[in-house]
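Just so it is clear, none of the values below were taken in a lab; they were calculated from the coordinates. Since we're looking at a predicted model, the values are computed, not measured. Here Cβ is always computed from backbone atoms with ideal geometry, including for glycine, and neighbour counts include all displayed protein chains.
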Amino acid sequence: MSVEPRSETAAGAEGLSAIRDRPREALIGFDFDGTLSPIVDDPADARAHPGVVPALRRIAPLIGTVAVITGRPAATAVEAGGFADLTGLVILGQYGRERWENGVLQAPEPPPGVAEARAKLPQILANAPEGVAIEDKGLALAVHTRRAAEPQVALERLRSLVEALAERTGLAVEPGRYVLELRPPGMDKGAALRALAAERGASAVLFAGDDLGDLAAYDAIDALRKEGTPGVKVCSSSDEVTALAERADLVVDGPPGVVALIERLADELE
């Protein structure tokens, strides 16, 4: 397993021990893009790493709750991950606003601001650099600059325009790896993780992520630790985002490292 020893913390070691001691009461959660799936130029082309489904299939019967918490629509994550036949998996999509479990999808109606942003965003991006694309997530809209000639320059050029649109439509802006996402406020991966942990009565919590939107889940684990629930923050590392590695208990080498971590944990529990 590709884990950097320097990044393993005492609190993280305590969290892993708690998961091993009481696995049936533990919660382990994962982001999708960049964590279970390699980052690709077109989000529609994203697919889970080949080792993900076999690893999750092994770990699901051993752990109380296994979850994927993603900004993608839950149904999209199910399809891109190949998760439809996986039992014992909870997928919280749109930062927790949608839920897929045992083949059943629960999804609310989008707030009015999303429809307004959907109508106005193409006009705002009319003069954007070539390669900039809009991803419609139903409950959210994402502006991707990865395929632009200068992705970071394009991102910064568009940031103020997207933020102004968010303010007018009552939406929040979530920055990420060459992406600005417009979504309803009030829900993030941290809130979703905490709600699921409370629902399941989790005795220990692990979350693995790779991007800025995953920092809220790290905040949730820090808060849970203060309340007495052990936790582990795992970073699926990349050269594009370093903020998570600086706060993580374990740093693994992208999706292959996440798969190796799941497999190691399954080995120990079996």
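Placing R0 at 35 angstrom, the Cβ-Cβ distance between Thr87 and Glu167 gives a FRET efficiency of 0.20 after rounding to 0.05.
In vacuo Debye scattering of region 112-183, one point per C-alpha: log10 I(q)/I(0) at q = 0.19, 0.27 Å⁻¹? After summing over all Cα pairs, the log10 values are -0.65, -1.32. The relative contact order of the chain comes to 26 percent, based on Cα pairs under 8 Å that sit 6 or more residues apart. Annotation: extensible slack from Ala191 through Glu150 equals 11.4 nm (criterion: 0.36 nm per residue apart, minus Cα-Cα distance). Distance from the C-alpha centroid of region 3-73 to that of region 215-232: 16 Å, rounded to the whole angstrom. Overall, the anisotropy analysis places region 156-270 in the oblate class: the square-rooted eigenvalues a ≥ b ≥ c of its C-alpha gyration tensor yield a/c not less than 1.5, with a/b not exceeding b/c.
Annotation: peptides 190-201, 115-126, 231-242, ranked by per-residue average of other Cβ atoms within 10 Å with the highest first, follow the order 231-242, 190-201, 115-126.
Extension gain for Ala107-Arg20 works out to 28.0 nm (0.36 nm per residue, less the C-alpha to C-alpha distance). The simple spin-label model puts a point 7 Å past each Cα toward its Cβ; for Glu79 and Glu268 those points are separated by 3.7 nm.
Computed from backbone phi with θ = phi - 60° and the Karplus coefficients 6.51, -1.76 and 1.60, the 3J(HN,Hα) list for region 163-171 is 5, 5, 5, 4, 5, 5, 9, x, 9 Hz; x is used for glycine and proline. Among Glu163, Glu227, Glu79, the residue with the largest mean-square fluctuation in a Gaussian network model of the chain, with springs joining Cα atoms closer than 10 Å, is Glu227. Here the relative contact order of region 21-175, from alpha carbon pairs under 8 Å that lie six or more residues apart, stands at 16 percent. For the chain, the number of Lys pairs with C-alpha atoms closer than 20 Å, counting only pairs eight or more positions apart or on separate chains, is 4.
Each residue of region 19-30 is assigned a 3J(HN,Hα), and the resulting list reads 5, 5, 6, 9, x, 5, 10, 8, 10, 10, x, 9 Hz, derived from the Karplus form 6.51 cos²θ - 1.76 cosθ + 1.60 (θ = phi - 60°), x at Gly and Pro. Our summary gives region 112-183 a relative contact order of 33 percent, counting only alpha carbon pairs under 8 angstrom and 6 or more residues apart. Modelled spin labels at Ala11 and Ile124, positioned 7 Å past Cα toward Cβ, are 3.5 nm from each other.
Residues of region 141-179 with an amide N closer than 17 Å to a point placed 7 Å from the Cα of Glu116 along the Cα-to-Cβ direction: 141, 161-173. With a ≥ b ≥ c taken as the square roots of the eigenvalues of the C-alpha gyration tensor of the chain, please select rounded if a/c is under 1.5 and otherwise prolate if a/b is larger than b/c or oblate if it is not? It comes out prolate by the Cα gyration axes.
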